[in-house]
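Scroll down for the structure; my scribbles are underneath it.
The values are calculated or read from the model by the stated rules, or taken from the named source; none is laboratory data. Just so it is clear, the model here is predicted, and its values are computed rather than measured. Heads up, the Cβs are rebuilt from the backbone with ideal geometry, glycines too, and the neighbour counts pull from every protein chain shown. These area figures cover heavy atoms from the full protein model, side chains too; ligands, DNA and RNA do not enter into them. Shrake-Rupley method; radii C 1.70, N 1.55, O 1.52, S 1.80 Å.
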Amino acid sequence: MKSMGGSQRSRFFLASAFTIFWAAGAWSAAVWAAPASAARAIILDDSGTEALDSVVALHWKSIAPSRSANGNLMVGTATFRVRINVAPWLKRNARIYLMLPLQEPGPLSVSWTTQGKLLPGQLQSGSRTLVYSGAITRPFLEDEVTFQFNVNGAQVARPFPVNFQFVMDE
Amino acid sequence: MQLRQRILGAVCIAACGSAWGFTATLNPASPQTIYLQVGVGSFTNDYIYGGQPERNATINSVSVSVAATALGNGTAQTMTTNSTATQSYWDGYTYCSVPGQVYIGGFFRTTGASTSPAQVSATVPAALTDASGDSLPFSRISWTSSGNGDSGSEIFPGGTFVNGGTQTVGTMSSNTWNESCWTFSLANNGIPAAGSYSGTVLYTMTAP
């Protein structure tokens, strides 16, 4: 069964690669037809991104609470080796955003530092922040990004996933 | 063949493109903490300056010597403590006054929207006893509750000890700092045998 799974994965990546070239042409056509104000966010292929920490351990920012129950912030850090496939936009200028969609269990904020290829920043769930602006000179944008998560401890009681996406305005 | 692969790819971007993105799994790790202080306690610094709670094994006493001329006159005798705890470890505020008051405070940390408060209970012996075997019921000791700058009800209200058993002396909501100052007194009714009577009350905090 293992080898079968591996074979399926290979086919998926192959299909994705073809998709990118094919889709780039389609997007170009769409931009032609649509007015400039009707920008559409394209979710970028970041399937090469790896988590260096499989689980982010959250800890109380302050071990003791406040008198008013407002000191419930929990924090945790995690590092990812980010790899974004930008081959379809080679030799073009691009603005790439990190997006944190609204998701369960509730609002959270995150800040991050980078090794310099991407921009450091911060954002709240339900928003996005610019992480790259400029010419695409390589097929992949790669950087090591360390995130710090800030979560209301009153909202979380068990492990939960937080999903990010890199997007580009068409 | 190449065309077939391209078509397959086109289908995939429509169906699979939104699956891109990466996921971090956040785990509220070992977040539960409880802290109870009756009398003196220990923090590395005030909480608002990053202080962390520490263990303190000190057992403080509350006592009173009743003058022979006042014995049994019906006037409650205010007790004093050897506790030196006057300041709140939350911010250093001088909250209690010694030797008249005993500080009691604490908190419990837990994740999620907890609805069950932590209970603080006192385990009380049946009586105070002296070396001769004489006894005084523990219910002769009562306390009132206050705190510098406080108004309204206290989180650890006043009460009277039971004669042997466990009684609740306060509750704490999760993720809040709670504190009060207790002033103990001895009901001065009747004339017991002369002696030095003592007993130990154990305070316990139980968090859900």
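Only one of the numbered conditions (1) in a strand (DSSP E or B); (2) over 29 Å from B:Thr75 (Cβ atoms) is violated by B:Ser116, and that is (1). Counting only strands (runs of 3 or more DSSP E) that sit completely within the stretch A:23-119, those holding 1 or more residues that are basic (Lys, Arg) and at pLDDT 95 or above correspond to A:73-85, A:93-100.
Residues in the stretch B:45-66 that are in a loop (DSSP other than H, G, I, E, B), loosely packed, with under 13 Cβ neighbours inside 10 Å and over 16 Å from the mean Cα position of the chain (by Cα): B:Asn45, B:Gly50, B:Ser65. Residues that are more than 13 Å from B:Pro192 (Cβ to Cβ) number at least 1 in the following strands (runs of 3 or more DSSP E) confined to the stretch B:120-167: B:141-146.
Of all the listed residues (B:Gly159, B:Gly147, B:Gly170), the sole one being within 27 Å of A:Gln155 (Cα to Cα) and open to solvent by less than 30 Å² (accessible area, probe 1.4 Å) is B:Gly170.
A:Val156 meets each of the listed conditions (1) at pLDDT below 95; (2) open to solvent by 50 Å² or more (accessible area, probe 1.4 Å) apart from (2).
For the stretch B:87-118, give me each residue that is modelled with pLDDT of 95 or more and more than 11 Å from every other protein chain (Cβ to nearest Cβ). Matches in the stretch B:87-118: B:Gln87, B:Thr94, B:Tyr95, B:Cys96, B:Ser97, B:Val98, B:Pro99, B:Gly100, B:Gln101, B:Val102, B:Tyr103, B:Ile104. Restricting attention to the stretch B:106-144 and to residues that are under 30 Å from A:Gly106 (Cβ atoms) and in contact with a strand residue (DSSP E or B) (Cβ under 7 Å, 6 or more places away or on another chain), the residue that is surrounded by the fewest Cβ atoms within 10 Å (Cβ to Cβ) turns out to be B:Gln119.
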